[in-house]
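To keep things clear, I will list the structure first and then write my remarks on it.
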């Protein structure tokens, strides 16, 4: 066997009970009846913890459109704040990451909720900081703010939240029974924030998180998203189906992190991957084919139309979308430009719908644990990534094969931990350590 | 003795500092654990062992009491996330939490409470409040006035209820054959356009198991009573006087009936702080012991602010001269009236202990049997439908309430010995929502 690898992967798991591949819930062995319920969410998180996955990740959506139109990889069925809570007593060490939009919430509320979860979980919380691209109709807004404005708000939102977490000094809770002080008021400070979007006096009404700052996750690939992520992100989610592009992204991103005076080794870049695993190639292919047959072409076409933002009703499934229909505008998500438009240039609608159903911009691979591990290790050793966000193709069968066959293969080769190490999510994932409840990161 | 024809509703006020001001300083208190899960988990589990209907989390965005050393305050737990965590530790007990309508958006709150109801299997409740402080943390220079706050709250609740019903009960069809997990024709826009909110919907979550999670209201202003009698299932109220509580109860139930609702299915639940001892002497001793933890400076301030007067020239063991006391008949609040009535007979120290005990609610230091007598008397005279239990001290004072007083009520048939029903609404005998 080769030498022991110098670094190990960070692995997180996307908690999508429907299964990551569109319509995978139609598989007869899925647990579709329990989607959104405690039983299935619990079983998924506990399975991930048994495999020593660093963290699970709850995505979110504030818009029911895709649920209503049969877009069946939809998020939104597990509201992250309320869903993370019950997982705390049901697990011990695994990280619990969730999406909270900065577009439709108030920083004071979010600061409290995350601080509370982090304290209650002994430092296992991560926050995926997003700006919403839809949902305005539910919040009294006629249109979505443009991306530049959304990211300015997001950056200030995070700044306010960090200030609020730092508004209690680490030793503010003194519990001095004799003098009658539970907290020392000299160590609780107003923040007096006045910015473009928020005016918040503070202080927070509780101590900050156990981790100082909960771990920050960022996934935006636009220039604004990359700027925010390189400034504050501890984990960076990214859609990278091609290794060379991922290497270029990785190098550029780490350089930006260094440029901001941060240690690039402590920020983990984690592309998504959907592994369809079988003990043999034949078994893997069989599962892939079964899942492929479950894709509804009508819904699939709709998903293509939604992602590309075009009408294809006059086109045959085996035609391509004419280039003149792919019209750019400033409101477009970066992924539309960098991923979806190039895909539409080379694939037919049917190819697009299968591709989107599988991966939605992320890479997917069908194979044995050995072959998939080869690919993951190749990416990892070549610095195309620091690990992966694992998208389970279906639940529970596809997820279990991923956790019970693929992850042990990585462990055997020394590329993934066999035990959790450290006391908090930041320690376990090798992120910057933030001195508890202060606004200044201290790199140990 | 025949079994009583109705049984009490009992909830536990989740205040790990203890309800009695200053009692967190008691050597048996565990203030080191406030904010963490350990103690709050024990409280919820102890309440569940006692078959209490629900745990109740109040909330406050105010830090000023912490900054002056006053620590009966709520707010060290965000109710949504702590209720979420307790789902994983409990099985049957209801989880009720306060979410302000002043500083949040109904779409977010509808999701949070619906998700809690789904994950807990129908055990969630929402205490609907309008905030009286906290504007400085939400970019507002002053608080909206009470009428405006309640107008917003009323519309807010309306939006949330519409969102909870934006999915038909049978919208989740899980039709593998046709490829429909949810039937889009059974998920509806709400199309709400109002004075405060424009919300199209639909929610991103199926209808919660209870239809509407349990709605709780505690405002005693005319605006609060109007809102509570229209939509609330549980009414929390501060009623230190039995006859007044009987009157409040009768008026409130009449108001509920006038809105076409069944008054028996709306529960009026005053707070009570029971200081339980094995004997009267022991209870008195415990009460006196708790009283010693009240900070004299803060205690005096509380007396002064409650009665709106100055006592800086008086010793704590003096009485306040009668000419300084407000006329109870012209008191500015019911609570001031109550304290003004007893003030001529009490020293400042005694008043400060009184205030530290009850905070506007009744308290009683006695044996389980005599406290149960009083609770049953209130219940039978229709002064209430049950109580919100304010535990003077945690954990020992709480355990005496749950392990001595509650069993006494159970033995006499006034409180359930097992949970009955599948959801909090069913277990508390509230309106069932399709």
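The values are calculated or read from the model by the stated rules, or taken from the named source; none is laboratory data. Fair warning: this is a prediction, and the values are worked out from it, not measured in the lab. All Cβ positions, glycine included, derive from the backbone under ideal geometry; neighbour counts span all protein chains shown.
Out of curiosity, is residue B:3 assigned to a helix (DSSP H, G or I) and either more than 9 Å from chain A (Cβ to nearest Cβ) or modelled with pLDDT of 95 or more (or both)? Against the criterion (assigned to a helix (DSSP H, G or I) and either more than 9 Å from chain A (Cβ to nearest Cβ) or modelled with pLDDT of 95 or more (or both)), residue B:3 does not qualify. Put simply, of B:47, B:54, B:84 the only residue that is under 17 Å from residue B:120 (Cα atoms), facing chain A (nearest Cβ under 7 Å) and buried (at least 24 other Cβ atoms within 10 Å of the Cβ) is B:84.
From the list B:247, B:284, B:241, the lone residue that is surrounded by fewer than 20 Cβ atoms within 10 Å (Cβ to Cβ) and touching a strand residue (DSSP E or B) at 6+ places or on another chain (Cβ under 7 Å) is B:284. For the condition at negative phi, at pLDDT 95 or above, crowded, with 21+ Cβ neighbours inside 10 Å and over 20 Å from the mean Cα position of the chain (by Cα), residue B:167 qualifies. Say whether the condition of being touching a strand residue (DSSP E or B) at 6+ places or on another chain (Cβ under 9 Å), under 16 Å from residue B:9 (Cβ atoms) and either more than 14 Å from every other protein chain (Cβ to nearest Cβ) or at pLDDT 95 or above (or both) is met by at least one residue in segment B:219-232. Yes, segment B:219-232 contains a residue that is touching a strand residue (DSSP E or B) at 6+ places or on another chain (Cβ under 9 Å), under 16 Å from residue B:9 (Cβ atoms) and either more than 14 Å from every other protein chain (Cβ to nearest Cβ) or at pLDDT 95 or above (or both). Of all residues in segment B:177-208, those being more than 33 Å from the chain's Cα centre (by Cα) and either within 7 Å of chain A (Cβ to nearest Cβ) or in contact (Cβ under 8 Å) with a residue 40 or more places away in the chain (or both) number 6.
Taking the criterion of being modelled with pLDDT of 95 or more, in a loop (DSSP other than H, G, I, E, B) and over 25 Å from residue B:134 (Cα atoms), the residues of segment B:71-95 that qualify are B:89, B:90, B:91, B:92, B:93.
Report yes if residue B:216 is more than 8 Å from every other protein chain (Cβ to nearest Cβ), farther than 30 Å from residue A:194 by Cα, part of a helix (DSSP H, G or I) and touching a residue at least 24 places away in the same chain (Cβ under 8 Å), otherwise no.
No.
For segment B:37-51, filtering for residues that are touching a helix residue (DSSP H, G or I) at 6+ places or on another chain (Cβ under 6 Å) and part of a loop (DSSP other than H, G, I, E, B) leaves 1.
Identify the single condition in (1) more than 10 Å from every other protein chain (Cβ to nearest Cβ); (2) modelled with pLDDT under 90 that residue A:156 does not satisfy, given that it satisfies every other one. Result: residue A:156 fails condition (2) only. When residue A:96 is tested against (1) out of contact with any helix residue (DSSP H, G or I) (no Cβ under 6 Å at 6 or more places or on another chain); (2) more than 10 Å from chain B (Cβ to nearest Cβ); (3) within 23 Å of residue A:36 (Cα to Cα); (4) crowded, with 18+ Cβ neighbours inside 10 Å, just one condition goes unmet, and that condition is (1). Filtering segment B:132-142 down to residues that are modelled with pLDDT under 90 and surrounded by 14 or more Cβ atoms within 10 Å (Cβ to Cβ), which residue is farthest from residue A:190 (Cα to Cα)? Result: B:132.
In summary, residue A:202 fulfils each of the numbered conditions (1) surrounded by 17 or more Cβ atoms within 10 Å (Cβ to Cβ); (2) within 14 Å of another protein chain (Cβ to nearest Cβ); (3) out of contact with any helix residue (DSSP H, G or I) (no Cβ under 6 Å at 6 or more places or on another chain) with the single exception of condition (3).
Condition check for residue A:149 on (1) within 9 Å of chain B (Cβ to nearest Cβ); (2) closer than 26 Å to residue A:76 by Cα; (3) surrounded by fewer than 22 Cβ atoms within 10 Å (Cβ to Cβ): one failure, at (1).
Checking each residue in segment A:358-379 for being outside any strand (DSSP E or B), in contact with a strand residue (DSSP E or B) (Cβ under 7 Å, 6 or more places away or on another chain) and in contact (Cβ under 8 Å) with a residue 12 or more places away in the chain picks out A:358, A:359, A:362, A:369, A:372, A:376. Considering only residues in segment B:355-379 that are touching a helix residue (DSSP H, G or I) at 6+ places or on another chain (Cβ under 7 Å) and modelled with pLDDT under 90, the one that is farthest from residue B:303 (Cα to Cα) turns out to be B:360.
In a helix (DSSP H, G or I) and at pLDDT 95 or above, is that true of residue A:224? So residue A:224 fails the test. Residue count for segment A:321-359 under the criterion of being within 24 Å of residue A:23 (Cβ to Cβ) and touching a helix residue (DSSP H, G or I) at 6+ places or on another chain (Cβ under 7 Å): the result is 12.
Exactly one residue among A:24, A:64, A:48, A:32 is crowded, with 24+ Cβ neighbours inside 10 Å, farther than 21 Å from residue A:214 by Cα, in contact (Cβ under 8 Å) with a residue 12 or more places away in the chain and touching a strand residue (DSSP E or B) at 6+ places or on another chain (Cβ under 7 Å), and that residue is A:64.
Scanning segment A:373-406 for residues that are crowded, with 24+ Cβ neighbours inside 10 Å and out of contact with any helix residue (DSSP H, G or I) (no Cβ under 8 Å at 6 or more places or on another chain) yields a total of 3. For segment A:70-77, the criterion of a residue being at the interface with chain B (Cβ under 10 Å from one of its Cβ atoms), within 18 Å of residue A:13 (Cα to Cα), crowded, with 24+ Cβ neighbours inside 10 Å and touching a helix residue (DSSP H, G or I) at 6+ places or on another chain (Cβ under 8 Å) is satisfied by at least one position.
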